[in-house]
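Scroll down for the structure; my scribbles are underneath it.
Since every read-out is calculated from the coordinates, none of them should be taken as a lab result. All values derive from a computational prediction rather than experimental measurement. Positions of Cβ are backbone-derived with ideal geometry, glycine not excepted, and every protein chain shown enters the neighbour counts.
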Amino acid sequence: MHYILCKDKNWVSALTEEIKRDLSTDPEVLKGFPLLTINSSIDLKNKFLGFSTTALINSIPIKEESVGKQALEIMDLVKSKINGKAKINCHVFALTEKYGILDSGRADILKTKLISHFKKNEIFSLRKDFDRSLAFLQVMILPDRSVVASFLDENEIKDYHSLISPFVGGFNNVEDDKKAPSRAYRKIVEAQIILGKSFLENQTVVDLGACPGGWTYIARKNGAKVIALDRSPLDESLMNDPKVSFLKTDAFKYRPEEKIDWAISDIICAPERILELIDFWVLEKACENFVFTIKFQGDKDYHILSKFKEIALRTGFTMIIKQLNANKNEVTVMGHE
């Protein structure tokens, strides 16, 4: 069974319709929770689900009832795909009615027992970071206290790069930064963690529709140079920054003289305009990395995600289409060469 999570209960309907439209199957919804299931016979390799935060692929039920025996059963699953010494990603969490995703309590006890078994078998779980080149174990405790587990080996994880998340249960809360010109900075921080790529010192970033400057702020905080485009000026601190070049021009018409490290956009526009950005920046390979926000008005344009998915399969980029925790009525499309 594939278990697919969305941000909260408000997005169950959008995710349900997306699955029906693009995967041609009817998902089952766990009533009252942001969780959908579809049969493992549905092939999710190299698929995209924009309204999902994470997915447990090809999950199996853990039959044992005690935490100790559950850990042993899960360990058998891991050993069936790993021979000898290895590092893995490991997320263990509970889906709860009151608190949402929790990695404390029973989940923490189960993970502690798993790590003990890992050590005995020379398997080492990353503590904080997430490495997309390593195998990935996810264990979810359902509201009825039953347990399911998904384990992707280092080859399988590559086939589901857009569906999985480096955040436990797909949930995160970006650290507050009161110096940022707007709260939109949370989106670019979260997106880059999901992408596994960050702005680097002396890279060049083109921020399309940059005002008031939340994304430019993060780029500069990381030491990158920014070409910021908008009709309105940025926050004063950024306008006075010598490594921020502000251009009062149309973000959709800008063409750089050479290939850029990053093209980013949180511009307010119709979803079709983001397809225009994809056409130039991605299909024409005018940048090495990109993060664009697709903004919706109501739910009438959700179907356009299908077009983004079609394009994603032929760009030559590693692409992710996913609703961030920081997104509102939005989905983020991102990628790298």
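If you count the DSSP beta bridges with both ends in the chain, what percent of them are antiparallel, to the nearest 5?
55
Relative to the longest principal Cα axis of the chain, at what angle does helix 12-23 sit, 0 to 90 degrees, rounded to 10?
90
Mind checking the angle between helix 67-79 and the chain's longest principal axis? C-alpha axes, 0 to 90 degrees, to the nearest 10.
Once rounded, one gets 70 degrees.
Restrict the search to segment 100-182; then list the GluC sites (Glu not before Pro) that DSSP places in a loop and that have at most 15 other Cβ atoms within 10 Å of their Cβ.
Counting only loop positions with at most 15 other Cβ atoms within 10 Å, the GluC sites (Glu not before Pro) in segment 100-182 are GLU122, GLU175.
So what's the projected area for segment 36-90, the Cα convex hull averaged over all directions, in nm²?
Quarter of the Cα hull surface area: 5.6 nm².
If the viscosity is 1.306 mPa s and the temperature 10 °C, what translational diffusion coefficient in µm²/s does Stokes-Einstein give for segment 128-235 when Rh comes from Kirkwood over Cα pairs?
98
What is the sum of charges around SER150, taking Lys and Arg as +1, Asp and Glu as -1, for the other residues whose C-beta is under 12 Å from the C-beta of SER150?
That sum, taken over residues with Cβ under 12 Å, equals -1.
Work out the charge dipole of the chain with +1 on the Cβ of Lys and Arg and -1 on the Cβ of Asp and Glu about the Cα centre, then indicate which of ASN325, PRO271, LEU49 is farthest towards its positive end.
Working it through, the farthest residue towards the positive pole turns out to be ASN325.
On a 0 to 90° scale, report how tilted helix 106-120 is relative to the longest principal axis of the chain, with both axes built from alpha carbons and the result rounded to the nearest 10.
Long axis of 106-120 versus the principal axis of the chain: about 80 degrees.
How much net charge surrounds ALA251 when only other residues with a Cβ under 12 Å from its Cβ are counted (Lys, Arg +1; Asp, Glu -1)?
Every neighbour counted, the sum reads 0.
Antiparallel DSSP bridges in segment 220-337: what percent, to the nearest 5?
55
Filter LYS63/LYS111; LYS9/LYS322; LYS87/LYS309; LYS81/LYS187; LYS98/LYS309 down to the pairs with a C-alpha to C-alpha distance above 26 Å, please.
In this structure, LYS87/LYS309; LYS81/LYS187; LYS98/LYS309 lie more than 26 Å apart at Cα.
How large, in Å, is segment 164-205 by the Kirkwood hydrodynamic radius built from its alpha-carbon pairs?
For segment 164-205, inverting the mean 1/r across all distinct Cα pairs yields 11.7 Å.
How far, in nm, would the chain grow between LYS243 and ASN10 when pulled straight, counting 0.36 nm per residue and subtracting the alpha carbon separation?
Extra length from LYS243 to ASN10 when fully extended: 79.8 nm.
Rg and Dmax of segment 7-150 over Cα atoms: what are they, in angstrom?
Here Rg and the maximum Cα pair distance are 15.8, 46 Å.
What FRET efficiency do you get for LYS253 and ARG127 if R0 is 45 Å and r is their Cβ-Cβ distance, rounded to the nearest 0.05?
0.45
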